[in-house]
Each structure stands twice: as structure tokens, then as C-alpha cells.
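J.: Starting off with a structure, shown below.
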Amino acid sequence: MEIAQKNQKELFGHPVGLYVLFFTEMWERFSYYGMRAILVLYLVAKTTDPNAGLGWTQAEALSLYGWYTMLVYVASIPGGYIADKLIGQKKSVLIGGLLLVLGHGILAVEELWAFYSGLGLIIAGVGLLKPNISTMVGGLYRQGDIRRDKGFTIFYIGINVGAFLASLVVGYVGENIGWHYGFGLAGIGMLLGQIIYMLGQKNLTHVGNYLGKSAKHEASEDFDKPLTKIEKDRIIVLLLSFLIVIVFWGAFEQAGGLMNIYTSEKTDRVLSFSLPLIGNTVPASWFQSLNALFIIIFGTIVASFWANRKIKNKEASSLFKMAIGTMIMGFGFLFMTAAAAQYDAQGSSAMYWLVLAYLFHTIGELSCSPVALSFITKLSPAKYGSIMMGIYFAMTGFGNKVAGLLGESASELGEYTIFTGIAVFCMLFGALILMFLKKLKALTHGAEERES
């Protein structure tokens, strides 16, 4: 990542470039989460339905979902490598955005070849865009700048504004007008994000440029030097922290897969009153918006809570937050256990179980995910910034694949067993991280203690 320049224009206490990246990522996530909200529903919809889908079984749909979401994030490794070694982060985001516009556009075509081609282009596009835009956010702040974590939280809220709108708008269009109209609408969102990014280049002059081996950049003078002992230790702790990432997303990503299908097939979504457009039945895809809505509501509250702990010299390291976040998110699955038990007893389960589950999943996510992004920018050697971010997103991808495998196993084991198992494992795993916290923090060599 690059060293942030002293004379950046600021808005609301942060570099203006943050808001350019905020809106770019907001629309990129609108396109991604819009497609995600309806993907498995489209796959399992019967070919004889008025809004026909592909008629796949639940296991087949969740298998594809797992592979697709894994590859989307694993593609971040070559995406990060291309940025670090060939063209820089800024150009990588630009090319990735163009691929995404094309991919989502092709998904609007009602042909099977278009479906697979569109998924392939989206995988490539996210691989180039996702790790590099996140690394650019870190590059906006100088080393030790206490605003960095808050900047990532603001950026994270942008992600979830896009996700919230996508679940409602794309979800409604996909379920009620046509799946491919929903896919096409997601593409329009990506196009808007690309336009914002291209128009905002003047505010990103000093970040995201190709470092290479040029002497023009402060970081480049050490480009060919081997890693120091401290840098190696920090990479080790980063790699260990990625285990938390796999566990967290392996559980969390049930939202787009098993929980999405469960909502559609086993949740009583009938209201006692009617709403415009939808009547008295809530679309299953709309529950995907709860996570994003709660992030928008609680994002700054959770960030302030952790900042206040740090000011009071209480434990607030990134690894501590990630462990606690995993435990909180795991606790949320106990509400899905209750929902499954209610379904087994009564033949349907109430919507409030889903609301409570998504609430705790969100609080856990806010303590884990934006913190992990910031943690990487603090500990990664400059010349490996995008590659390490790429590995992080690849681990997120493996977590998504784990989520798909767990979802598939529900066909045999049942939702009650899967939801309960996830809850217990996540809480125990978080506790295990806390047991080794002191040793793991020692490997960071005070990287977070310099913030002021």
C-alpha cells in the first residue's frame, strides 16, 4: 500500500477519496448482493413456475452457491498479484469494474450459456476489484492514524447501504417480475459504481498507483530487500488470523444459502396487514436486507464501543475483536436452532427468529470483518499489501465453500443439527483464540500500539 499524502482534501474528517471508494463499493456491492439474494432462489425455482427457474434440488443449488462464492473471493489472490506486480490497484479496480458490468449484463440473457459466462466474468471482476479497493482505503491514511479503523467502518457501511438496497430492489424485481430482470438491474448498479469511480480519480491521485521498483515511491527503496524478522512474524499472525476468517464466513454465509432457502420454504412470512406492491407476504429475499440494515444502524455504535475501550486501556486488539465477533455471531445461530425446533413442532417458524439471528450475526460481523481489513493494512509489508488482502478474501472464499458444504449436509442432518452445531463450534473456537491471545499479539510486535 502507498503512504498517504499530507495534503489530501478532507470531508467530515476523512480524505475525500474515502467517499469516492465508498460509493464505488456501494454500487459494486449492490450488484453482487442483489444477484446473491436471488441466486439460489432462481436455481431451486421450478421450471414450470410462472417465474421459471432452473429447477435444481436444494443440494445442487447450495453446491453451486458454495463454489461460486468461493471462487469470487479466491480470485482475489491473482487480483492482488496483478495489482502489486503489474498494473497497480487503481487500474485493477477499473478493469475489474468493467468486467463486472459485462458479467451482470450477460446474466440478463435467458440462456444457460449466458448464466455460466456471466458468473465467470463476475468472478474475474470481483477478483480484481475487491482486494484492491480495500487496500486503497488503507493507503489513504498515514501509519499510526487512529482514523483508519473508523475509515474502514465508514467504507463498510457503504458496502451495506448497497447490500440493503439490493436485497429489497433486486430481490423484489427478481422474485415478482423475473429473475433475469433482477440480474440485469444488478448490472445497472455496477455501471453507476464504475462511473463514480472514473469521475473521482482526481481524489485518488496519491493512492493505488503501481509501485513496481520505481525510486519515486517511498516504499520502493526496500522493494528488493528480504523480509525482516518482525515482518515475517506479522505475516505469520496474519495467516493465523485467516483461520478465524474461514470459520466466521463458513457460518455467516449461511445467510445467502441455507438460511435463504429456509426462509423461502419453512418460515411463515404472512403479515396481518398488506404492504404496497407485495401484499401481505414478505419476499424471502427481503430478509437478506436485515444484515445490511443492522450494519447501517449499529456500525458507528460498535466502532465507538471498541474505540472507547481502547481509550480506557481495556483489551481492544484486532484479534480480540475478531474472536468476540465470532462468538457473538455463533450465538445468533441459537435463534435459528429455535426456529428449526418450532418448525419441527408446528410445521412453520416465526419471522422474529430470523430477525434476531441476523441482528447477532451483524453485531458479530461488525466486530470482525472491518477490523480484519484494517488489521491487514497495519501488518502487511508494503510490497505485499494487495497480495495479503487477496489471501484474506481467498480465505473468505474458502469460508463460503464451507458454508455451501454445511448447507448441503442439511438435506441429511436437518437444519436443527446444522444450526446448533455452527453455534457451538463458533463459540468454542472464539474462546480458543482468546486463550492464545497474548502469544498471538506478541507476533504483531506492537503494530497496533503505535496508533494515536
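J.: Taking all protein chains as present, what is the carbon and sulfur share of the accessible area of the chain, in % to the nearest whole number, probe 1.4 Å?
T.: Details: 11950 of 18160 Å².
Roughly 66 percent of what the probe reaches on the chain is carbon or sulfur.
J.: Rank-order 396-407, 348-359 by packing density, defined as the average count of other C-beta atoms within 10 Å over each peptide's residues, highest first.
T.: Averaged packing, sorted descending, gives the order 396-407, 348-359.
J.: Right, next: Return the label of the correct value of Cα extents along the principal axes in Å, as calculated from the structure shown, out of (i) 64, 47, 36; (ii) 76, 46, 46; (iii) 75, 66, 46.
T.: It is the value labelled (i).
J.: Among LYS85/LYS439; LYS91/LYS229; LYS150/LYS229; LYS321/LYS439; LYS90/LYS310; LYS9/LYS225, which pairs are too far apart, with a Cα-Cα distance over 26 Å? Please report the intermediate quantities before stating the final value.
T.: On the way: LYS85/LYS439 33 Å; LYS91/LYS229 32 Å; LYS150/LYS229 30 Å; LYS321/LYS439 16 Å; LYS90/LYS310 33 Å; LYS9/LYS225 33 Å.
Distance filter (> 26 Å) returns LYS85/LYS439; LYS91/LYS229; LYS150/LYS229; LYS90/LYS310; LYS9/LYS225.
J.: As I understand it, the value is the acute angle between the Cα axis of helix 88-107 and the longest principal axis of the Cα atoms of the chain; what does it come to in degrees, rounded to 10?
T.: So the helix axis and the longest Cα principal axis differ by about 10 degrees.
J.: What whole-number value in Å² describes the accessible area per residue of region 396-452 for a 1.4 Å probe?
T.: Details: 3030 Å² over 57 residues.
With the other protein chains kept in place, region 396-452 gives 53 Å² per residue.
J.: Pulled fully out, how much extra length does the chain show between MET198 and THR417, if you take 0.36 nm times their separation in residues and subtract their Cα-Cα distance?
T.: Full extension of this stretch gives 74.0 nm more.
J.: Going by average Cβ density within 10 Å per residue, which order do the peptides 54-60, 19-25 take, highest to lowest?
T.: My ranking of the peptides, most packed first, is 19-25, 54-60.
J.: While we're on this one: How far is helix 112-139 tilted off the main Cα axis of the chain, in degrees rounded to 10, range 0 to 90?
T.: The angle comes out at about 40 degrees.
J.: Also, I was wondering about something else. Of the listed peptides 27-36, 316-325, 238-247, 86-95, what is their order by residue-averaged count of other C-beta atoms within 10 Å, with the highest listed first? Don't jump to the answer; show the numbers that get you there.
T.: On the way: 27-36: 28.1, 316-325: 23.1, 238-247: 19.2, 86-95: 21.3.
Highest to lowest by the protection proxy: 27-36, 316-325, 86-95, 238-247.
J.: Suppose all protein chains stay in the model; what accessible area per residue would a 1.4 Å probe give for region 1-124, in Å²?
T.: Ligands and nucleic acids excluded, the result is 41 Å² per residue.
J.: Out of ILE296, GLY55, SER349, whose Cα points farthest toward the positive end of the dipole of the chain (charges: +1 Lys, Arg; -1 Asp, Glu; placed on Cβ)?
T.: ILE296
J.: In terms of the Cα gyration tensor, with a ≥ b ≥ c the square roots of its eigenvalues, is region 242-355 rounded because a/c is under 1.5, prolate because a/b exceeds b/c, or oblate? Don't jump to the answer; show the numbers that get you there.
T.: On the way: a/c = 2.67, a/b = 1.84, b/c = 1.45.
Verdict is prolate for region 242-355.
J.: May I pose another question? Calculate, for LEU432 and TYR116, the FRET efficiency according to 1/(1 + (r/R0)^6) with r their C-beta to C-beta distance and R0 41 Å; round to the nearest 0.05.
T.: Numbers: r = 40 Å, r/R0 = 0.98.
It comes to 0.55.
J.: Let me check something: with ligands and nucleic acids excluded, how do MET259, MET198 order by accessible area (1.4 Å probe), largest to smallest?
T.: MET198, MET259
J.: Taking 0.36 nm per residue of separation and subtracting the Cα-Cα distance, what length does fully extending TYR81 through MET351 add?
T.: 92.8 nm
J.: Could you work out the relative contact order of the chain, using alpha carbon pairs under 8 angstrom and six or more residues apart, expressed as a whole percent?
T.: 27 percent
J.: Let me ask something additional. How many nm separate the modelled label positions at ILE230 and LYS9, each set 7 Å beyond the Cα in the direction of the Cβ?
T.: The modelled label-to-label distance comes out at 3.6 nm.
J.: Going by alpha carbons, how many degrees (0 to 90, nearest 10) lie between the helix axis of 415-435 and the longest principal axis of the chain?
T.: For helix 415-435, the angle is close to 20 degrees.
J.: Which value in nm describes the separation of the simple spin-label points at LEU277 and GLU315, placed 7 Å from the Cα toward the beta carbon?
T.: 4.6 nm
J.: Here's another thing I want to ask about it. Around LEU406, with a cut-off of 13 angstrom between Cβ atoms, what is the net charge of the other residues, counting Lys and Arg +1 and Asp and Glu -1?
T.: Net of charged neighbours comes to -3.
J.: While we're here: Can you give the charge dipole size of the chain about its Cα centre, rounded to the nearest 20 debye, using +1 on the beta carbon of Lys and Arg and -1 on the beta carbon of Asp and Glu? Working shown, then result.
T.: Values: 34 positive and 30 negative charges, 353 e Å.
My answer is approximately 1700 debye.
J.: Let me ask something else about it. Of LYS150, LYS229, which has the most accessible area and how do the rest follow, probe 1.4 Å?
T.: LYS229, LYS150
The values are calculated or read from the model by the stated rules, or taken from the named source; none is laboratory data. None of the values given here were measured: they were computed from a predicted structure. Positions of Cβ are generated from backbone atoms using ideal geometry, with glycine treated the same way; all protein chains shown enter the neighbour counts. For the accessible areas, the whole protein counts, side chains as well, though only heavy atoms, and no ligand, DNA or RNA atoms are used. Shrake-Rupley method; radii C 1.70, N 1.55, O 1.52, S 1.80 Å.
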